[in-house]
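Structure record follows, encoded as structure tokens.
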Amino acid sequence: MTDPWMIADWEKNFEISQSRRRAGRLSWVAMPTRHDSRGYRRLIRSEDGVRHFACWVALVQVSARCEDRGTLASDTGVALTTEDFEAMTDIPADMFDRAIPILCAIGWIICPSRSEVGAHSEHTPSMVGAHSEHGMSTVQNKTVQDKTEQTLQDLKKAHRSIQTKEAKRIYDQIPSKRRRGYKRFCATFVEEVIDYEVDPDFVLDAILEYYKSPEGECPYFREPTRLVEDHIWEEDRSMWTRKDRNENKQSATEQEQIESIDHLFATKGQTQ
């Protein structure tokens, strides 16, 4: 039995509040709009990268129409093939044959081991109460699937631990007087940087440069987590010279308070 391809991190990247309220197939799908990840650049710069990206978008859309969203399988659990993708999207199967290995390599698709990408499985999955080619009943197959799912969950936890250690490495290099909210920083760094395959050291360079700038050295600097949320590495660094930006806001507020007090005393004096 051939396992189906799955879209990696489907729940995190393609489900939103509206879609989570609906079970089964969707007539639309929400897609990330960022183009700064290493995976995207590796894909788009490869030979026929634009065509491969078109295949990727089509696969995400097909997956949104599957009963088990994120898993490229039929309603009965049979793994879809590249020939199926061609029938559903009118994109030639051989184009999917070339694109899928690259999508697997960059981690956008979870690929089961297959001797040939576009080949159909010789045996379809067992129906309820039937036996597979290995003599395994449906219940036995379910047990194997449960164990596989548990293994995947364990691998995800181990992977997340490695990502958190990488975030800690970055946090430890931030000037000590600017460090705030370690746990929140690590969680945000994983979500905004590592999960999108942005180079952590590129982000670190931007953070360190910010804290050397007039804005970063003033009392109203942005905390590390806020910098990551703001995608500091994408900002125009010339804007960090506005050291008195917040100070002016505070001065304006204080001036308004003083004027209000003066007006109050003036009003009282007139009534007396």
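The values are calculated or read from the model by the stated rules, or taken from the named source; none is laboratory data. For clarity, every value in this text was computed on a predicted model and none was experimentally measured. Here Cβ is always computed from backbone atoms with ideal geometry, including for glycine, and neighbour counts include all displayed protein chains.
Here is how the numbers come out for the structure above:
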{"read-out": "Test result for G129, under 29 Å from the mean Cα position of the chain (by Cα), assigned to a loop (DSSP other than H, G, I, E, B), modelled with pLDDT under 90 and not hydrophobic (A, V, I, L, M, F, W, C)", "value": "no"}
{"read-out": "Some residue of the stretch 219-240 being among the small types (G, A, S) and either touching a Gly at 6+ places or on another chain (Cβ under 7 Å) or modelled with pLDDT under 90 (or both)", "value": "yes"}
{"read-out": "So R45, is it basic (K, R), surrounded by fewer than 17 Cβ atoms within 10 Å (Cβ to Cβ), modelled with pLDDT of 90 or more and farther than 29 Å from H231 by Cα", "value": "no"}
{"read-out": "Matching entry among R34, R41, R22 (being over 24 Å from E192 (Cβ atoms) and either in a helix (DSSP H, G or I) or among the basic types (K, R) (or both))", "value": "R22"}
{"read-out": "Subset of the stretch 80-105 [touching a Lys or Arg at 6+ places or on another chain (Cβ under 9 Å) and within 14 Å of W5 (Cα to Cα)]", "value": "A99, I102, A105"}
{"read-out": "Counted residues, the stretch 12-42 - those being closer than 21 Å to F189 by Cβ and surrounded by 11 or more Cβ atoms within 10 Å (Cβ to Cβ)", "value": "9"}
{"read-out": "Condition broken by R51, with the remaining ones in (1) in a loop (DSSP other than H, G, I, E, B); (2) more than 19 Å from L26 (Cβ to Cβ) satisfied", "value": "(1)"}
{"read-out": "Top-ranked residue of the stretch 63-77 - restricted to ones that are outside any loop (DSSP other than H, G, I, E, B) and within 21 Å of the chain's Cα centre (by Cα), ranked as farthest from P112 (Cα to Cα)", "value": "A64"}
{"read-out": "Residues satisfying the stated conditions in the stretch 159-210, i.e. among the basic types (K, R) and in a helix (DSSP H, G or I)", "value": "R160, K165, K168, R169, K177, R178, K183, R184"}
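Results for (1) closer than 23 Å to M88 by Cβ; (2) touching a residue at least 24 places away in the same chain (Cβ under 8 Å), shown as yes or no for each residue.
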| residue | (1), (2) |
| --- | --- |
| W10 | yes, yes |
| S17 | no, no |
| A23 | yes, no |
| S37 | no, yes |
| R42 | no, yes |
| R45 | no, no |
| V60 | yes, yes |
| G70 | yes, yes |
